[in-house]
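Take a look at the structure below.
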Amino acid sequence: MENKENKVEQTENLKSENVEIQESNNNEIVEQDNAKDAEVENLELSEEVNSKEQLENTKEEIVKENISDKKETEPEIAEVNWIELSKDEIVEKVKTLVNNYPVMKIKAFIDTAKVEFYKKHNEEVAKIKTSFIESGEKEEDFTPMPDKIEAEFKQYISIYKGKKQEFIAALEKQKQDNIVVKEEIIQKIKDLVNSTETMNTSFTEFKALQEMFNKTGDVPFKESKNIWNSYHSAVELFYDYVKINRELRDLDLKKNLKAKLELIEKTKELIESDNILEAHKSLQILHDKWREIGPVPREQREELWKEFSDNSRTLNKKHQDYFEVLKTEKIENLKLKEALCEKVEEISAVNYEKLTDWNKKTEEITKIQQEWKEIGFTPKNTNNKIYKRFREACNVFFDNRKEFFGEIKNEQQANLQRKYELCEKAEALQESDNWKDTTEKLIQLQKQWKNIGPVPRKKSDLVWNRFRSACDIFFNNKDKAFAGQKEQELENLKLKEELLVEVEKFEHLESIEETIAKLKEFQNKWSEIGFVPIKSKNDIQTKFRALINKHFDNLKVDVKKRDELRFTSKLEDLLEANNPKDKLFFEKDKVLKKISQLQNDAVLLENNMGFFSNSKGAEALLGNVKKQIEDLNNSIALQKTKLKLINQFMNKISK
């Protein structure tokens, strides 16, 4: 009677264990993938087991090659943003993956690498083909040149395919070998029912066979259900017919209880872990171990499973929350990258005319590209699209920049040729003793030099030194010829310094007309004194003009009259300068441009007045605009007066 009760209890324990295993399966076991290139855990048994002796010999080998041990030693593969890699970088990354990682771990990486590599490769070929056709060749005559990078890429893809085929073949053979091993184990369990060995020995062998069965790898998917059912039938048969000592059974239950309590503690540790991804992977391993452990005392079974599954749900919730946060971050990253795209597109839309602007914008684009690299990934379905948008905007900018610098290079070469021509002209004049005419000619050449613009940097100093050397030879010869004039210039400097003191002490006369006449007398006297040493010319001229202007400013006349007097003083100074005619022409051109600008501004304001008539607060706006127009007309009148004065001084020179 007692034996019958033991058998019933043993059967119930086994069934309870199966229920417990099934619960674990429902929560954590990943469905077997029947695709040949799936990520599979392989035990690599090398020989088929056909006999009892072979089965015993492979026990230790199976235990040693536990798949969980392999998982712990496999290197982790970091996420790769293939779209931002160049072709060379993609090849190098594929090489690293093929040489250092299990073949089925890198399948998704290789597939993405092939797509991105040939996308870049085809873009390059398309550009070359376009250039070929634009050069006048026929499209049907185009044949792309061999690409060494592509050849290397194909080489590593071929290696990968070979390894993949070897892996799949070995995997299929392994699964077939595993059928033989598991069938032998099942038969061995069935044979224990009729064994003449002691109870302890049978139970020990039974537990060893169970462990061997769990350690043995997968079988072909179509055979897995039959193998599993046969295994459980054999286990039930063993529990039904083998007389197991109650104390030994209780000891086994306690051992299982301890093992499952340890797994529960490990789930608690995983919940506290900061590395949620590794914790989630570890949880899957714990679930595999949970179902491998046998039954526990019935009164604690539900409580243990509830705590284990609750902890699992908590960890799964953290895992889910982690990806929700990651999803939110990727959406924010997308917004940041869209903003950077807009910045680059805005910069690329402008065709800059100055070299400084291109250099400034190039720095901005470079900084934006660095910001882009520092931003993390975006949602997977937007990664390629947003990067393509960013890359195209950058390409537009750098293509325009390349075109601009090509034009600049051509222009600089033309400028260099013009400066060479000026050098030849200056060298032809450097030995001349026609001091006045040659001086004017060289000054004109110097002006032309300044207006030519930049030349290639490597030639800049050479051509300038050549031109300056020719000018220096002439002016040094001129200085030697006019050495006697220095004493006169020093005397003139002394006279002008004395006149400065007189002008500074001058007090205004009773009438404005007399004061103005006296100030003009000072100016005429200043002009009559003659030249001073060149190094003192600007300084003393500036002091004189400042004193005269100060007197004009203190005159009690209207602002317009005062501006006319000051401008007249400035024109009289120009008469003393070298090439006064050129300076007057320059001043006249400046005044004409100013008049044109002021007139345009006035016309614009007058046109705008029509838009204000129907708006709220029109009277205030119209009043403000009318005041601006009046000020502009006054400025125009002043500039026209200055133009009249310039013409009068130019007439003096002509006479």
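Points to keep in mind about this one:
- Tallying residues that are free of Cβ contacts under 8 Å to residues at least 12 places away in the same chain and within 30 Å of LYS105 (Cα to Cα) within segment 173-205 yields 1.
- THR356 of a type in the set (Val, Ile, Thr) and under 22 Å from the mean Cα position of the chain (by Cα): no
- Candidates in segment 445-459 are the residues that are under 13 Å from ALA414 (Cβ atoms) and assigned to a helix (DSSP H, G or I); of these, the one that is modelled with the highest pLDDT is ILE452.
- Qualifying residue in segment 577-597 (condition: assigned by TED's automatic domain parsing to the domain that holds HIS508, over 22 Å from PHE649 (Cβ atoms) and at pLDDT 80 or above): yes
- Taken over segment 336-350, the criterion of being more than 17 Å from LYS388 (Cβ to Cβ) and either among the charged types (D, E, K, R) or touching a strand residue (DSSP E or B) at 6+ places or on another chain (Cβ under 6 Å) (or both) is satisfied by GLU346 alone.
- Filter pass, VAL350 being without any contact (Cβ under 8 Å) to a residue 12 or more places away in the chain and in contact with an Asp or Glu (Cβ under 9 Å, 6 or more places away or on another chain): yes
- Meets criteria (outside the structural domain of PHE531 (by TED's automatic domain parsing), surrounded by fewer than 15 Cβ atoms within 10 Å (Cβ to Cβ) and out of contact with any strand residue (DSSP E or B) (no Cβ under 8 Å at 6 or more places or on another chain)) for ASN451: yes
- Among the candidates LYS207, LYS182, residue that is surrounded by 14 or more Cβ atoms within 10 Å (Cβ to Cβ) and either modelled with pLDDT of 85 or more or assigned to a helix (DSSP H, G or I) (or both): LYS182
- Evaluating GLU502 against the criteria (1) of a type outside the set (Ser, Thr, Tyr); (2) part of a loop (DSSP other than H, G, I, E, B); (3) farther than 30 Å from ASN415 by Cα leaves one unmet condition, (2).
The values are calculated or read from the model by the stated rules, or taken from the named source; none is laboratory data. Values in this document were obtained by computation on a predicted structure and should not be read as measured data. Neighbour counts are summed over all protein chains in view; Cβ atoms, including those assigned to glycine, are modelled from backbone coordinates with ideal geometry.
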